[in-house]
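One structure is given below, encoded as structure tokens.
The values are calculated or read from the model by the stated rules, or taken from the named source; none is laboratory data. As the structure is a prediction and not an experimental result, all values here were calculated from the model. No Cβ is skipped: glycine too gets one built from the backbone with ideal geometry, and neighbour counts run over all protein chains shown.
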């Protein structure tokens, strides 16, 4: 499985431009310190670092999915979902399509529309109530 996983990452990396690579590394700032991000010049280096930090593995691509969503690459998120769906059940613990990534998979490719049931399922977020009192101005 390791070979197919690394071949998949290589193929995925070929779809990421140099500018997107910098954005993707920045989207991973909680895992990759600034000095390390400056040393990453190739997609393979980013993926290897993510693997080393335990954020990317053949059975867990969720962190990479999230980072790709942050840099607005739903096409690559969809490729990851397709890869996960192609694996035998035992090979991945995170095969289920989660959260916001579902909308990319459900999108109608012809119209670009997302079904209402997917949108309504994602939109059920509860916000905190507004503050009940104003802050004191301590100037």
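Of the conditions (1) buried (at least 16 other Cβ atoms within 10 Å of the Cβ); (2) at pLDDT below 95, residue 47 fails just one. Which one is it?
The failed condition is (2).
Among the numbered criteria (1) touching a helix residue (DSSP H, G or I) at 6+ places or on another chain (Cβ under 7 Å); (2) touching a residue at least 24 places away in the same chain (Cβ under 8 Å); (3) assigned to a helix (DSSP H, G or I), which one does residue 55 miss?
(3)
Can you name the condition, by its number, that residue 97 falls short on among (1) surrounded by 16 or more Cβ atoms within 10 Å (Cβ to Cβ); (2) modelled with pLDDT of 90 or more; (3) not in a helix (DSSP H, G or I)?
Status for residue 97: all satisfied but (2).
When you scan segment 81-91, do you find a residue that is surrounded by 16 or more Cβ atoms within 10 Å (Cβ to Cβ), assigned to a helix (DSSP H, G or I) and in contact with a helix residue (DSSP H, G or I) (Cβ under 8 Å, 6 or more places away or on another chain), even just one?
Yes, segment 81-91 contains at least one residue that is surrounded by 16 or more Cβ atoms within 10 Å (Cβ to Cβ), assigned to a helix (DSSP H, G or I) and in contact with a helix residue (DSSP H, G or I) (Cβ under 8 Å, 6 or more places away or on another chain).
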